[in-house]
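The block underneath contains the structure these notes are about, expressed in structure tokens.
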Amino acid sequence: MGTILFGIQLYCDFGGCTTIAMGAARMLGIDLIDNFQAPYLSRSNAEFWRRWHISLSTWFRDYLYIPLGGNRKGKGRKYCNVLITFAVSGLWHGAQWNFVFWGLLNGLYQVIGDWLRPVRRALLRVTELDTDTLGYKGAQVFCTWLCVNLAWVFFRAERLMDSFAILRSIFTASNIYILFDGSLFGCGLDEPNFLLLLVYIAILFVADLCKYKGINIRQGIARQSWLCQVLVVAGSVLAILLLGVYGPGFEASDFIYSQF
């Protein structure tokens, strides 16, 4: 549960930070790149990195992966270039082994995915499975999301050995009962706030689904009457005032990703 919620926290924190920057720049007449394009709805790890932190991913592609040779010099060289690029991206986040391992793991996801592509295609031909069904696409999204969340363990842990300890606990500890006996609410969030968190996640999912399908919510609101636009803005401000996290010890400007 902690691993899943950290992945959502990091996305909301970093995505929110860049969205605020985009809004502030737009007020000055400057259009910035949208750094996140519904990454958790990706159907593969390669697609995830085309949708997550786009500016950094693009920089590593253009100034490291392609100069190394990209995919122009055979499969073996391509896989080596992918692993080098992701290892360096890990080092960019910090000179610690857990960041290096996080980068290598994401690179390994892409290498394995590309290597197994002929096998997957052969299986699809044999089974005649319809890849356009919602169930098939949903399974791809779920598997990608699961792999990304497991990699976040190395990103979040203080040390590499802590990462392995957390993963060992995830796969060996049998404590699913905490989801049903109420003890989950003693881990930092009481029941009302946990239910509110689920509402936030649902809103995030709907917003990302619209973005994934190319539906521009902002343009949709702009086409409405001035009264509707005023009500949307007023409702948003009211929601921030009522549901925002404030109080002693909390700094709204202290974004997780600011350390990088």
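Derivation of every value follows stated rules applied to the coordinates shown; laboratory data play no part. Here the structure is a predicted model, which means the values were calculated and not measured. Neighbour counts run over all protein chains shown; Cβ positions are idealised from the backbone, glycine included.
Descriptive notes on the structure:
- For Arg117, neighbours were defined as the other residues whose beta-carbon sits under 15 Å from its Cβ, and their charges (Lys and Arg +1, Asp and Glu -1) total +4.
- When each of Trp59, Trp152, Trp49 is scored by the number of other beta-carbon atoms lying within 10 Å, the sequence from fewest to most is Trp59, Trp152, Trp49.
- Evaluated at q = 0.08 Å⁻¹, the base-10 log of the normalised Debye intensity for the chain, with identical point scatterers placed on the Cα atoms, takes the values -0.41.
- Cα-based reach from Lys73 at 19 Å (exclusive), listing lysines while leaving out same-chain residues under 8 positions away: none
- Extended-chain gain in nm, criterion 0.36 nm per residue less alpha-carbon gap, Ser183 and Ile221: 9.5 nm
- Axial C-alpha extent at least 24 Å, average Kyte-Doolittle at least -1.0 - helices from the chain (DSSP): 2-27, 75-93, 97-115, 134-156, 191-212, 226-243
- Exposure proxy shown here: for Glu191, Glu128, the number of other Cβ atoms within 10 Å sets the order, fewest to most, as Glu128, Glu191.
- As a rough footprinting exposure proxy, the listed residues Asp31, Asp114 were ranked by other beta carbons within 10 Å of their own, and the order from fewest upward is Asp31, Asp114.
- Here the label points at Thr19 and Phe6, each 7 Å from Cα along the C-beta direction, are separated by 2.3 nm in the simple model.
- The region of the chain that goes longest without hitting one of the trypsin sites (Lys or Arg not before Pro) in a DSSP loop, each with at most 13 other Cβ atoms within 10 Å, is 74-158.
- Taking 0.36 nm per residue of sequence separation and removing the Cα-Cα distance, the Leu243/Asn71 pair yields an extension gain of 57.1 nm.
- Set of lysines near Lys211 by C-alpha distance (under 30 Å), chain-local residues within fewer than 8 positions excluded: Lys137
- Net length available on complete extension from Arg120 to Arg50 is 23.0 nm, with 0.36 nm assigned per residue and the Cα-Cα distance removed.
- GNM result for the chain, Cα springs below 10 Å: residue of Leu204, Leu28, Leu146 fluctuating most strongly: Leu28
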